[in-house]
Structure formats: structure tokens, C-alpha cells
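No value in this document is a laboratory result; all are computed from the given coordinates. These numbers were taken from a predicted model, which means no experiment stands behind them. As a convention, Cβ positions derive from the backbone with ideal geometry for all residues, glycine included, and neighbour counts pool all protein chains shown.
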Amino acid sequence: MGTFRPVRFVDVALEGQFWRERLETVLTKTIPSQHVQLGRHGILEALTLPNPPPPLRFPRNEHNFTVQVFWDSDVGKWIEAASYALSHRRDAAIEAKIEAITDDLEIAQAADGYLNCWYLQREPDKRWTNLRDNHELYNLGHLLEGGIAYFLATGRRRLLGILERYVEHVRKTFGPEPGQKRGYDGHQEIELALVKLYRLTGERRHLDLAAYFIDERGRKPHYFDQEAVDRGEKPTDFWAKSYEYNQSHKPVREQTKVVGHAVRAMYMFSAMADLAAELNDESLKRACEVLWADVMASKIYITSGLGPAAANEGFTEDYDLPNDTAYAETCASVALIFWAQRMLHLDLDGNYADMLEQALFNNALGGLSRDGEHYFYSNPLDSDGRHSRWAWHTCPCCTMNASRLIASVGGYFVSASDDAVAFHLYGGISTEVDLAGGKVLLRETSAYPWSGSIRIEVTPQAPFDFTVKLRIPGWAGGAEVSVNGEPVEVAVSVENGYLSVSRLWQAGDRIALELPMPAERIYAHPLVKENVGRVALKRGPLVYCVEETDNPGGRVQQLQLPQDASIDVEERRDLFDGIVVLAADARRLTDAGWDQSLYRTRPPEAQPARLTAVPYYLWNNREKGSMQVWISEG
């Protein structure tokens, strides 16, 4: 399979204004404020196992479930995000906070290595009795990813050692051998962490455990049935009614339709792609490709949001993509980015990079406010003004997912093999990569995503032959490339979305890449009933929306964009430190003459209006008001 490997984010300097601003906000505001919130809501206190246990902050719901069972995971994700921040800039205060958490976990850990603060404090006799619902392995996965990130950032291994002891307990507990439980996680995540641990340590047993959890999933007799019976429950009483909810309805290689909880699905598919790469497993790769095709054909919002339904936080049926009730959880788009990057590195297929970019610049990035301290959990594409960001959430998973993504975003830009480098994203970065022929300094300069004019300096230590691969996005028709002023044939040289430039490179060589960025009208498949007669606006990787604050005069749902209206591209330095907006002459439907009537035989009157659209990821950062992505076209 693929020979390219991502250049780690710590080796990529973000120099362009767009990502430098987002990173700085996360480092200085988001991560410190998240720690404050973890303390304010009792999550950090829970690590100390107070005795007697305090009353539940979040009572059990109708399914006898409380979000407090996965508080450990929120701590793990914060440690991971904070460690990524430390990789950019050491901070003694942040390190002290992680060390304090490590102290608490070290004291809490049981003699046999088990470490789950909910069960150790509140239900010590029930551990490993409800994998279906209660997130024990999921919690470990996020803690382990945090421990790995902290070790890589600081060289301190104490936290990782605590979690490695927990992994050994899990290894003894689960598996196909006599006396072991043949279980797996109800909320997938541990598999991703185990692959990371394998890559860090080189110890094959971690990869084997991840493979066991994936291979065992969905086999008969169904483990969750047996587990329910052991608890004295009827398996048919499962509140979700189907194991499609957690993708354990059948073995993973037999799954052809994406179903259930969106985040769980994306985490599982990411792990499957990881294992396909590490084990050279063609059957897992093919399963991932089939599932990817299913998502792309009928289940993804234009913003790369996933999962229309709040009831299962996930998928329903093909083409069910409502706008105002879209769940489109931030976590799901972050996890889609994880999956897309892994699929990309199996074959270096630009379709995966296109979707990675679309998810990054739209649904995922929209999950974090400009001030760095407010969040979206769900991401609708239509709002009457009541949907707004929150400072925290009863289930704060999306908060740290947003921050850990942005803090590590540099790791998605460039990959390298022995004799080639590949650019997947643009936005102003520099990095040094090691190829078989020597070291190469790369500096990409651009104002992306606002501009498609991209310049790349290629500076090898000494001249040698290698290949530079440039992603030509699927939306970029008519791209132009030159090397040292000499044009390169683009149309005949692009393969799977990448243009390969192979030559004897030497210091001073420069690549010029021009990606046309006209404003585009995008239409949905006619089976997406909510969008019949509607159009969305897109420019480059950015999906746009209309907000009431830019379009005063009533709700933006009354706007209508004529089919023949030209879409103007305008720079607005007065908005958000400088952005590009889209504008057009439009119409606003009015209620003039309707009096008290609800219906009449004449269509509504329309007034001329000037429509202004801003990038979707920026909405709800100013005054409250209505918002819409899909605009009526007439």
C-alpha cells in the first residue's frame, strides 16, 4: 500500500495568517479556558475519587445513563490538546496541570492496573460489565492518546507508563483465549490509540490488540447480548434497538452501509484504515473504500457535516439531510478528517484530500468560535437565530476535539516518501523533510484559502533528483503550474488529483501554482428534498452562508437569488481581520399585502436586495440572527 507518511505537525511551521491566528487562539485562550471548565464542572475533582462520592452533577437519563461515565475521556482529550500546544511552545503552567492530573491518576490506579475513575469511585464491583454503554475502553483510548502526546512533547513518561499498565490489564482481560472476555468497545476509540502506541513503541502486541477489537466486532454469538444477560437484562431492551447504533451489527468487513452513531463510525473506520496500512490487509482497505463511497454518495452535508439526527447522533437513511435540524456533530467532522487522512495515505488519492480539506475548513473549523472559548456541538445549515454557541456542554467532547485538531493541523499539510514530497493543503507553511537523497527545506507561501496564488520554494541541501507532488483540488479547474517560470503541463500530468514534478532540484528552485477560485453555485441531488429549488455558494474550499447581520431587513430565509445573478468576490478587511465575501443582487420576499392571511392565490411581492455571504465556519460570531446555507433560487 502507500509509501507516503505525514510530516509531523511539530516539524511544520504555520506561517500564513489564517492558521497562525487559529493556532495562537487555541494556545493562549482555548486550552487554558478548557482546564478552568474541567475544574468548574467537577471533572478534575472526580479523578481524586472523593469519598463519599458527591451527588451526580448530571443525573441519569431515561436510559439510566449519565455523561459522567466518560469524564475520563474529556481529561484525556484535554491532555492531548494541551500537549500539542506544548509541542509548539513549552508552558510550565500547563505542564504543571498535566502533572497534577498524572498524580491523581497514579493514586487512583488499582493494583491490577485498572483505571476508570467512575467505576473505581462509584461502582467498583461492576467494571467491565457494560461495554455496550459505559465507555471504559473509549475512556482509556483518549487517556492513552493524551499520554502519548505528552510524552512526545516533553519526554516525560510517567503518565504514559500508568496507561501502559492499564493496557496490559486490558490485554489480559480481553481476547479469544480461555478465561478472557470476548468483548470490544461500545464506543470505538481504543483501536486508534493502540495503533499510536504501536507506532511509538514498535511493540507488535499493541497492534494485535487493536486488530482483535476490530476483528471481533459483530461476531456471533453477539457479545453485547451475552453481556446484557449476565447483567440480568433482556438484550431486546437495548434502548437503541439495533446494534447498527455502534456498528457491531455485523463483522466490519461485511459492512457496506454507514449506519448508526456518526462519531463511533468515523473512529472505527479510521482504525480500520490504520490496520489496513500496518497489516497490508486488502480486505480492510476494500471495506473502507465501500463505506467511504456510501457516505459520499448520499450521507454527507455540503459542509462535510455527518449525521442528520439527534436521536442517535448519527445516520438515518440515504439523502436524509435536513438543514435546520442537522446534527452534524463537530466531533464527527473531526473524526472524518482522521479517516480521510488515513485513506489518503493508502493510495495518495486526491479525493480523500478534497474531503479532508472540505471538512477542515467548514464543519470542523466552525466548531470553535473566533474568541476560542465558545463552541458548536451540532452544526445546522439553517437557523432562525436561536442556535448559538455555548461556553461548555454537559457532554464536552467537541470542545477538546476542536482544539486538538487545530493544535495539530500542521500535520495534515505535507507527506514524504523516500523519493517524493506531497502537498495536500496550502496556507503558508515551512518544513524540512528527509528524503533518501538528503534533506529538503520547503516553504509554501500563500494567503490560502482567500487566494489560490501559491508559491513554493524548494531548497535541498545539495542538488538531487526527487518528485514534488502538488494536490490540484477537485474544485480547481484550469490550474496553472510553473517551475522557475517554465510552464508545466497540468491537464496531462495530474494523476489521482496530484501533479508530479520530477527533476534535479537545487537551491533557488521555485514552483508557482495558480488555483482559480471563482464563486460557484452548488446544487444538491434532487432526492435531497430540502434543497430542491435551492443553491449553495462555494469558493475554493469554503462553503458560504448568509447571515442576518450582513443582510438586514428580516430573516435570510426570505432571500431569493436569481439564476442569472452574477456572484461577486469582494475582499472585506473590516470583517474578522480580513476575509473574502460573496455578494450578488438578489430579491427579498416581503409580507406586504398579506394582512392576516396565511395563504392566497398571488405569490408574495419581492424587493431588490443585495445579498452578502460569509464563510460558513464564521457564522454566529457576531450578532444573533438567522442563517442559511441553501438559498432559494428563482
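Looking at the stretch 15-102, I'd like the Rg to Rh ratio, where Rg is from alpha-carbon atoms and Rh is Kirkwood's inverse mean 1/r. Rounded to two decimals, Rg/Rh equals 1.07. Express the Stokes-Einstein translational diffusion coefficient of the stretch 158-277 in µm² s⁻¹, to the nearest whole number, given a Kirkwood radius over alpha-carbon pairs, 4 °C and a viscosity of 1.567 mPa s. In µm²/s, the coefficient is 85. Each residue in Cys117, Cys545, Cys397 was given a count of other beta-carbon atoms within 10 angstrom of its own, and listing them fewest first yields Cys397, Cys117, Cys545. Charged side chains reduced to their Cβ positions (Lys and Arg at +1, Asp and Glu at -1) give the stretch 256-367 a dipole of some 140 debye around its Cα centre. Taking the fewest neighbouring Cβ atoms within 10 Å as the starting point, the ordered list for Arg587, Arg156, Arg89 is Arg89, Arg156, Arg587.
Taking amide H as placed 1.01 Å from N in the peptide plane, the amide H of Leu131 sits under 5 Å from none that are at least 5 places away or on another chain. Please report the net charge: other residues with Cβ closer than 14 Å to the Cβ of Ala512, K and R +1, D and E -1. My count for the surroundings of Ala512 gives -3. Computed extension gain for Asp568 through Trp390, at 0.36 nm per residue and net of the alpha carbon distance, reaches 60.7 nm.
When you filter the chymotrypsin sites (Phe, Trp or Tyr not before Pro) in the stretch 525-634 for DSSP loop state and at most 10 other Cβ atoms inside 10 Å of their Cβ, you are left with Tyr599. Restricting the stretch 483-543 to GluC sites (Glu not before Pro) that sit in a DSSP loop and have at most 14 other Cβ atoms within 10 Å of their own Cβ leaves Glu489.
Remark on the stretch 310-442: hydrodynamic radius 16.6 angstrom, per the Kirkwood mean of 1/r across alpha carbon pairs. Of Leu575, Pro608, Ser597, which is farthest on the positive side of the dipole of the stretch 520-633, counting Cα position, with +1 on Lys and Arg Cβ, -1 on Asp and Glu Cβ, and the Cα centre as origin? Towards the positive end, the residue furthest out is Ser597. Going by neighbour counts of Cβ atoms within 10 Å, the residues Thr612, Thr303, Thr173 line up, fewest first, as Thr173, Thr612, Thr303. Amide H contacts of Leu435: Val440, each under 5 Å away and 5 or more positions distant or on a separate chain (H built 1.01 Å from N in the peptide plane; Pro and chain starts excluded). For GluC sites (Glu not before Pro), the sites in the stretch 258-326 that DSSP calls loop and that have at most 11 other Cβ atoms within 10 Å are Glu317.
Count Lys and Arg as plus one, Asp and Glu as minus one, and take only other residues whose Cβ is under 15 Å from that of Ala592; the net charge is then +1. Take the Kirkwood radius over Cα pairs of the chain, plug it into Stokes-Einstein at 25 °C and 0.890 mPa s, and you get 95 µm²/s for translational diffusion. Note on the chain: with charges restricted to the Cβ of Lys and Arg (+1) and Asp and Glu (-1), its dipole about the Cα centre is near 760 debye. Treating each Cα of the stretch 375-472 as an identical point scatterer and summing with the Debye formula, the log10 of I(q)/I(0) at q = 0.16, 0.18 Å⁻¹ comes to -0.79, -0.88. Of the DSSP H helices in the chain, those with a Cα length along their own long axis of 15 Å or more and a mean Kyte-Doolittle hydropathy reaching -1.0 comprise 71-88, 92-108, 136-154, 158-173, 190-201, 204-216, 262-279, 282-298, 330-347, 397-407. Calculated on C-alpha atoms, the gyration radius of the stretch 343-393 divided by its Kirkwood radius gives an Rg/Rh of 1.14. Here the mean projected area of the convex hull built on the C-alpha positions of the stretch 414-514 is 5.7 nm².
Summing charges over neighbours of Ser415, with a neighbour being any other residue whose Cβ is under 11 Å away from its Cβ, gives +4 when K and R count +1 and D and E count -1. Quick one: work out the % antiparallel among DSSP beta bridges in the chain, nearest 5. So the antiparallel bridges amount to about 90 percent of the total. In the chain, helices alone account for a calculated mean residue ellipticity at 222 nm of -10500 deg cm²/dmol, with every DSSP H run of four or more residues adding -39,500 (n - 2.57). Toward the positive end of the charge dipole of the chain, with +1 on the Cβ of Lys and Arg and -1 on the Cβ of Asp and Glu, the farthest Cα among Ser87, Gln255, Phe238 is that of Phe238.
At q = 0.14, 0.15 Å⁻¹, what log₁₀ I(q)/I(0) does the stretch 52-117 have when each alpha carbon counts as one equal point scatterer in the Debye sum? Evaluating at q = 0.14, 0.15 Å⁻¹ gives log10 I(q)/I(0) of -0.58, -0.65. In units of the rule-of-thumb radius 2.2 N^0.38 Å, the stretch 256-367 shows an alpha carbon radius of gyration of 0.99. Stretching Ala310 away from Ile522 to a fully extended chain increases their span by 73.7 nm, per 0.36 nm per residue minus the current alpha-carbon distance.
Expressed in Å, the radius of gyration and Dmax of the Cα atoms of the stretch 520-633 are 14.8, 48. Using only the C-alpha atoms, the convex hull of the stretch 1-54 corresponds to 164 Å³ per residue.
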